[in-house]
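First the structure, in the form of structure tokens, and then the observations on it.
Since every read-out is calculated from the coordinates, none of them should be taken as a lab result. The model shown is predicted, which means the values in this text are computed figures rather than measured ones. All Cβ positions, even for glycine, are placed from backbone atoms using ideal geometry, and neighbour counts span all protein chains on display.
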Amino acid sequence: MKKIVLGILAHVDAGKTTLTESILYLTGTTRKLGRVDHRDTFLDYDFQERNRGITIFSKQAIINWHDSQITLIDTPGHIDFSTEMERTLQVLDYAILVISGIDGVQGHSETIWNLLRYYKIPTFIFINKMDVSRYEQSELMQNLKERLDEHCFDFSNLNDEFYESVALNSEDLLNYYLEYNTLNKEMLINEIARCQLIPCFFGSALKMERIDNFFNEFTNYIKNKDYSESFGARVFKISHDEQGNKLTHLKITGGSLKVKTQLLNDEKVDQIRIYSGNKYHLTDEVMAGDICAIKGLKSIVAGQGLGIEDNTTQPLLSPYMDYQIKLPPDCDQHQVLKKLNLLAQEDSQLHINYNVRTKEIHVQLMGEIQIEVLKNIIQERFKVEVDFDYGRIIYKETIEEAVEGVGHFEPLRHYAEVHLLLEPGKPGSGLKFDTNCQEYLLANNYQRLILSHLQEKEHLGVLTGSPITDMKITLVAGKAHLKHTEGGDFREATYRAIRQGLKTAKSVLLEPYFDFSLELPIEYLSRAIYDIEAMAGNFKLPENQTDIAVITGSAPVSKMQNYQSEVVRYTRGKGRLICQLSDYRPCQNQAEVIKSFNYDSEADVENPTGSVFCSHGAGYNVRWDQVAQHMHISFVFKKIKKTANNIQDKSKFDNIDDELENIFTRTYGPVKQRSGEHQVTKKIFNESSYKYIPECLLVDGYNVIHAWPELKELAKDNLDAARMRLIDIMCNYQGYKKCILILVFDAYKVKDNIGSTTKYHNIYIAYTKEAQTADMYIERATHELASKYNITVATSDALEQLIVLGQGGKRISSRELRLEVAQLDQEKLEEFRRKQPKSHNYLLEGLKNFNQD
């Protein structure tokens, strides 16, 4: 009998819950077909889920169908509850990804897909709502291949063309197909299990169309997972029942687990519950592959591995907003904090923390809906009405170069010293921990203890007190004392080593970015481009323009988080903005953000940067920048310093040169001077040998307007005025530089526009033709004029700069151009003043001359 754990995932409103209800009804698990709009679905039984019509908490149902026992886990589809969804992925054997046939692949669909690939979960795709879709199956399949994976195949018609296409997946499949002109079922099952084949099915969950065919085929193409005989379990969720008992939800990944079994910290299994919907039954034993809830475990947390399983790595999705929880005036803050920590056990991504300095409780959340849900949960469970402030972006910090951090903790009768190598990691890699310390320096048990301390806490940076990320932290040295080292000493030394390393290194502030898709009528395209560039965003223009334009790109969360309401306003409700958290990138206004935090890393008593040493029987504090003079172990990591041109010091080789010359003299005799006929003459170029090539400057007009603050402000009220002001500035600038200057403006949105180039005073002004951007015009002009002129392009577009350099041109950023214009204006003004005749007119000077007469 097949036993698998199946997860159903989707972007919001794709019909995931409706598909779940259809499968439960089809398999006889439920006797009634529930509907979201009727608020009677089997798994969305929480009152908030039924009121809002969305899934908030992951829940399970047991399905028996033919020869398969399937534990179906329904996951949240709304982006605000993505962390709840990600936790369930750790225990899935297979997944069904639901795509709306009306909308196709959405931004959140791609995020889910990336998570499924990261956790290596074999996936089936169900394209729902085909009864009302305006797309053909072939169009939707093309959409899946382009945006998700080229290995997506339509399983609704297994003909010769299907087998031929699948055979191209691998050499083994192709060889088999060439020999037998088909592929057997076992091969397809194995390819699906290896995530190399993604079966796709079409139907309508609401009308039960093709649901039976889909689920029958699903059970035909799955297979059992191999499990170890040794006990193992993966904890993926923590919850509390109506009586307040803590429930640990886990999957058995090896062996079995019985009631009264003693697990970690002498904690015993009191009950084993098998849930289906909001009901459960008790059992005495669970086997590998089972999902259960354990009562009696107090200290175990979500993500923890038991037995042969390791703890889960850092999740890929995390909240990007931090909110202060505002309590009623008569509320005991510490009592509420204790209750809120129960919620933090259930969802570790809440990161509930108390700021001792400001006496504030903070929580990290994904969005407005999660805020409302959390408020209702606190009200229902703890009878406390709380509120939340506006919220603040969650920044992160990393470092630019490797550094060795040192932490020393030595009050009287305590001792520990730790050396950690902090290295910058790849963007998005998170924190990685390792050890490269010799056992003779530090025993293995202490090394394991230090690694556990590194992973047990969220370490904060020194710029704003934000969490650190994208680093590899390696233990390279350490020292203990046979008599005085206590259990907590290495914890203190480890924390201080990280902070001291961060203070020594050059830190970089990171901010979250959105990937966005902006859909709006074509007449508002120029306004959208202006706004996105003002947000310092990157974007891609639509290739095939119709009445509706779709712009995709990325922008900082801090600039775009409230842009949806602005889009609705200026498009009069015709525009739609979809944002999806992408990644963290270097902050563009780092100094401004750091100043707003007003964080003093050396005054943070909970995260000290210095160390504690001992002298004459008493401990004393040492600042982070003086630890190197007091530490007991020498540095392990040494930087290799290079000169600017990577040229080695010649003086190191002077003695070697002398020795080599003596050897050659003894072997071949003294060196003889050659006659002039053997000398190689070099051609000397005089001034007349060079050909003068005139200078040509191409200026991206709108890019400069958006980059210069004074023009940007003027453009908000009158774009034409800003354009004319730039034209006048460029005319003056050309008068100084005496170069050929071409000022380029976008006019690609003007229908039937053929483009134009006119001479205005001493410069040329070019307006691009329809469907041609300024970037495209400048790239073409650079290519055509590079042989006749020394081309320089003024723009802050990084991609355009790269293309210009490839064409042999030079580039100057819009900011640098502004500085040069200002400098030239100042120089010419001073030159004008110097050339003016110096005469003095004194008061009553004329009257004095009159009296003399």
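The table below lists the values:
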{"item": "Rh (Kirkwood; distinct C-alpha pairs) - segment 287-333, Å", "result": "15.4 Å"}
{"item": "Nitroxide proxy distance, nm - points 7 Å out along Cα→Cβ at Lys258 and Glu713", "result": "7.9 nm"}
{"item": "Trypsin sites (Lys or Arg not before Pro) within segment 351-445: DSSP coil, no more than 12 neighbouring Cβ in 10 Å", "result": "Arg357, Lys359, Lys383"}
{"item": "Calculated SAXS-style log₁₀ I(q)/I(0) at q = 0.17, 0.29 Å⁻¹ - segment 601-640, Debye, Cα scatterers", "result": "-0.57, -1.03"}
{"item": "Under the Debye formula (equal points on every Cα, no solvent term), log10 I(q)/I(0) of segment 411-461 at q = 0.32 Å⁻¹", "result": "-1.39"}
{"item": "Among 76-89, 99-112, the order from most to least packed when residues are scored by Cβ within 10 Å on average", "result": "76-89, 99-112"}
{"item": "Two-decimal Rg/Rh across segment 193-304, once Rg and the Kirkwood Rh are taken from alpha-carbon atoms", "result": "1.08"}
{"item": "Segment 78-203: Cα Rg divided by the 2.2 N^0.38 Å rule of thumb", "result": "1.11"}
{"item": "With 10 Å bins from 0: P(r) over the chain, alpha-carbon pairs, percent", "result": "2, 9, 15, 18, 18, 15, 11, 6, 3, 1, 1, 0, 0"}
{"item": "Unsatisfied cross-links (Cα-Cα over 23 Å) in the set Lys120/Lys246; Lys32/Lys129; Lys559/Lys712; Lys396/Lys712; Lys738/Lys759", "result": "Lys120/Lys246; Lys396/Lys712"}
{"item": "Computed label-point distance, nm, for sites Glu770 and Lys835 using a 7 Å Cα→Cβ extension", "result": "4.9 nm"}
{"item": "Qualifying GluC sites (Glu not before Pro) for segment 239-313 [loop in DSSP, other Cβ within 10 Å: at most 16]", "result": "Glu242, Glu267"}
{"item": "Listed peptides 440-451, 176-187 by packing density, highest first (mean Cβ within 10 Å)", "result": "440-451, 176-187"}
{"item": "DSSP bridge pairs, the chain: antiparallel proportion in percent, nearest 5", "result": "65 percent"}
{"item": "Alpha-carbon radius of gyration plus Dmax, which is the widest Cα pair, for segment 695-834 in Å", "result": "14.9, 53"}
{"item": "Estimated distance in nm for a label pair at Gln379 and Asn341, the labels positioned 7 Å out from Cα along Cα-to-Cβ", "result": "2.7 nm"}
{"item": "Computed FRET value (nearest 0.05) for Cys731 with Glu400, which takes r as the C-beta separation and R₀ as 56 Å", "result": "0.85"}
{"item": "Cut-off 11 Å between beta-carbons: net charge of the residues surrounding Phe126, Lys and Arg +1, Asp and Glu -1", "result": "+2"}
{"item": "Viscosity 0.692 mPa s, temperature 37 °C, Stokes-Einstein D of segment 424-488 from Kirkwood C-alpha radius, µm²/s", "result": "246 µm²/s"}
{"item": "Stokes-Einstein D (µm²/s) once Rh is taken as the Kirkwood radius of segment 509-596 over alpha-carbon pairs, at 20 °C in 1.002 mPa s", "result": "159 µm²/s"}
{"item": "Per-peptide average of other Cβ atoms within 10 Å, ordering 65-75, 154-164 highest first", "result": "65-75, 154-164"}
{"item": "Solvent-free Debye scattering, log10 I(q)/I(0), computed from the Cα coordinates of segment 321-394 at q = 0.12, 0.13, 0.20 Å⁻¹", "result": "-0.28, -0.33, -0.83"}
{"item": "For segment 18-140, alpha-carbon Rg relative to the globular expectation (2.2 N^0.38 Å, N residues)", "result": "1.08"}
{"item": "All Cα pairs of segment 306-350, percent lying beyond 14 Å", "result": "68 percent"}
{"item": "Average projected area [Cα convex hull, segment 217-279], square nanometres", "result": "6.2 nm²"}
{"item": "Degrees between helix 211-220 axis and first principal axis of the chain (Cα, 0 to 90, nearest 10)", "result": "90 degrees"}
